[in-house]
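First up is the structure itself, then whatever we jot down about it.
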Amino acid sequence: KTGFQLATTPSLYNHIPKDLEKLMVLEKTKVSDAEQTFLLTLRAGMRSKFTSGDLLAIYPENDNKERLYSIANNKGNIQLAVKLHSHGLGSGFLYNAKPGDVIKARIINNHAFHFPKKAKKVALISNGTGIAPFLGMIEQNKKKAEIHLYSGFRQKTEITSHYEQFASEMIQKQRLKNIHLAYSREADHHYVMDLIKRDENFFADLLSNSGVIMICGALKMQFDVEN
């Protein structure tokens, strides 16, 4: 029999990447029994370049394992919509950050998910946390492309009221055409897919006239929407 001596070698990739950006926490909403999603606003450095649809990579365990979140560009600041999961490392790390704290992260250009520059009519479809980049895209819609927002939530909360108020302001500024919200746990419960089936003629017309559909959120929601 031949014997082998085995030894471990240190991993080259078990530490947090170098040259991360320092982002200051500006604002953070609180979760409740009815609402497990919170909004987090971060101030990036003067030289940081990002737009809505890009990604923010955080490293809560100080290793190479990234947690990625879609970015909204909110008046030059980074805004995230995050669902707080019990024992969730990424969401817990962000929720424990207080205004004034500085976190290290990496901004990743996600060009394939930027708002289309030439599209005249766009449908944005999301569920809870997927709405974040779309809020930024709507706010940046100074060319007044025709945007229709479809979003699904469990129930009406302070955050959904915030979204409705934001949408009302954007409609007045002609940066948003309309908003359609679905609530799965209210008395008149329905899902985003129900809204899409209801408006099937609109979507057929959108697709036949070179319109654009963008989807952000849970994969199951994405597959149901695509079907």
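The values are calculated or read from the model by the stated rules, or taken from the named source; none is laboratory data. Remember, predicted model here, so these are calculated numbers, not experimental data. Cβ coordinates were reconstructed from backbone atoms using ideal geometry, including for glycine residues, and neighbour counts include every protein chain displayed. Just so you know, the surface numbers come from the protein's heavy atoms only, side chains and all, with ligands and any DNA or RNA stripped out. Shrake-Rupley method; radii C 1.70, N 1.55, O 1.52, S 1.80 Å.
Observations
- Axis of helix 158-172 versus longest Cα principal axis of the chain: the two differ by about 50°, to the nearest ten degrees.
- With DNA, RNA and ligands ignored, accessible area of Thr129 (1.4 Å probe; Å², nearest 10): 50 Å²
- For the stretch 196-206, 3J(HN,Hα) per residue [Karplus equation, 6.51 cos²θ - 1.76 cosθ + 1.60, θ = phi - 60°, Hz, x = Gly/Pro]: 5, 4, 4, 9, 4, 5, 4, 5, 4, 5, 4
- The distance separating the Cα centre of the stretch 29-67 from that of the stretch 184-223 comes to 26 Å.
- The stretch 166-225 shape via C-alpha gyration tensor axes, a/c threshold 1.5: oblate
- In the chain, the ratio of gyration radius to Kirkwood radius, Rg to Rh, stands at 1.05 when only Cα atoms are counted.
- Theoretical FRET efficiency, 1/(1+(r/R0)^6), r = Cβ-Cβ of His190 and Asp33, R0 22 Å, to 0.05: 0.45
- Ranked by solvent-accessible area (1.4 Å probe, protein heavy atoms only, all chains present), the residues Leu176, Leu219 order from largest to smallest as Leu219, Leu176.
- Residues whose placed amide H lies under 5 Å from that of Asn64, excluding near-sequence neighbours: His15
- J(HN,Hα) series, the stretch 69-81, from Karplus relation 6.51 cos²θ - 1.76 cosθ + 1.60, nearest Hz, glycine and proline x: 9, 6, 9, 10, 8, 10, 6, x, 9, 8, 10, 10, 10
- Cα-based shape type of the stretch 70-181, given that a ≥ b ≥ c are square roots of the gyration tensor eigenvalues and the cut on a/c is 1.5: prolate
- DSSP beta bridges in the chain [antiparallel fraction, %, rounded to 5]: 60 percent
- Volume of the convex hull of the stretch 75-134 (Cα atoms only), normalised per residue: 129 Å³.
- Over the stretch 23-98, the pair-distance histogram of Cα-Cα distances with 10 Å bins from zero comes to 19, 52, 27, 2 percent, rounded to whole numbers.
- Mean-position separation - Cα centroids, the stretch 132-161 and the stretch 88-108, in angstrom: 23 Å
- With R₀ fixed at 22 Å, the C-beta to C-beta distance from Asn109 to Asn64 puts the FRET efficiency at about 0.70.
- Computing FRET efficiency as 1/(1 + (r/R0)^6) for Ala218 and Arg43, where r is the C-beta to C-beta distance and R0 is 30 Å, gives about 0.55.
- Estimated at 0.36 nm per residue, the fully extended path between Val102 and Glu226 surpasses their Cα-Cα distance by 40.7 nm.
- Placed amide H near Phe50: partners under 5 Å, 5+ positions off or other chain: none
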